[in-house]
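The values are calculated or read from the model by the stated rules, or taken from the named source; none is laboratory data. Here the structure is a predicted model, which is why all the values come from computation and not from measurement. Note: ideal-geometry Cβ built from the backbone for every residue, glycine included; neighbour counts use all protein chains shown.
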Amino acid sequence: GEDVEQSLFLSVREGDSSVINCTYTDSSSTYLYWYKQEPGAGLQLLTYIFSNMDMKQDQRLTVLLNKKDKHLSLRIADTQTGDSAIYFCAESKGGNNRKLIWGLGTSLAVNP
Amino acid sequence: DVKVTQSSRYLVKRTGEKVFLECVQDMDHENMFWYRQDPGLGLRLIYFSYDVKMKEKGDIPEGYSVSREKKERFSLILESASTNQTSMYLCASRRGEQFFGPGTRLTVL
């Protein structure tokens, strides 16, 4: 079946690292995405990883993919108050599959 | 700069009214989507379209219809709005990654 799961809430202190986790069930996924949604706004792509990669780093963001466990994580280093948002994990399959399968989102609260 | 625009940020309608939500993308994408977002329920797909005049039902199509007469424009129609359709509506388009509009917060009184 199609299912992407995330924990709903995460709270961290400013300056700490945040780790947001996601599990998915479909091993045929080709791309996995992380999107960020700030209050009252649409979603913006943060980063993505292709399924043949284990890790991707982009400035303060590190994505880790464990295909065996179907586990994806997003690490934000030196978390700032501006990182407070909802973070969505999504998976894409290959071929003619046009839809992304979405997690429910993790609400990250950054405390000063 | 790529863009998905939605016709309204905020909309207030009365029960029974016909409501049109418009979405336009400037990226020549084939695939366009309408979602609704409610607290605790994440993004739920209402309808999507993979070409002009082509559409497919998503997970919650009841009470909605869509129209795609031109590639860049995808409209969501609430034939007779009801209070349980009060929500945030998000449009998106996609070729590889998916781009979202800013959302329309619809309130049905």
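Tabulated results
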quantity	calculated
Candidates A:L104, A:L100 - the one that is more than 12 Å from the chain's Cα centre (by Cα) and within 13 Å of chain B (Cβ to nearest Cβ)	A:L100
Residue within segment A:23-39 that is buried (at least 17 other Cβ atoms within 10 Å of the Cβ) and small (G, A, S) present	yes
Residues satisfying the stated conditions in segment A:6-22, i.e. away from chain B (no Cβ under 14 Å) and closer than 15 Å to A:G105 by Cα	A:L10, A:S11, A:S18, A:V19, A:I20, A:N21
Selected residue [touching a Gly at 6+ places or on another chain (Cβ under 9 Å) and away from every other protein chain (no Cβ under 14 Å)] from A:T25, A:T30	A:T25
Enumeration of residues in segment B:52-109 that are more than 14 Å from chain A (Cβ to nearest Cβ), in a loop (DSSP other than H, G, I, E, B) and crowded, with 20+ Cβ neighbours inside 10 Å	B:Y64, B:A81
B:E22 vs. criteria under 12 Å from the mean Cα position of the chain (by Cα), at pLDDT 95 or above and either away from chain A (no Cβ under 12 Å) or surrounded by 15 or more Cβ atoms within 10 Å (Cβ to Cβ) (or both)	yes
Checking B:F48 against (1) hydrophobic (A, V, I, L, M, F, W, C); (2) in contact with a Cys (Cβ under 6 Å, 6 or more places away or on another chain); (3) within 11 Å of chain A (Cβ to nearest Cβ), the condition it does not meet	(2)
Matching residues in segment A:56-97 - criterion: being among the aliphatic types (A, V, I, L, M) and more than 13 Å from chain B (Cβ to nearest Cβ)	A:L61, A:V63, A:L64, A:L65, A:L72, A:L74, A:I76, A:A77, A:A85
Residue within segment B:58-71 that is at pLDDT below 95, out of contact with any Asp or Glu (no Cβ under 7 Å at 6 or more places or on another chain) and closer than 25 Å to A:E5 by Cα present	yes
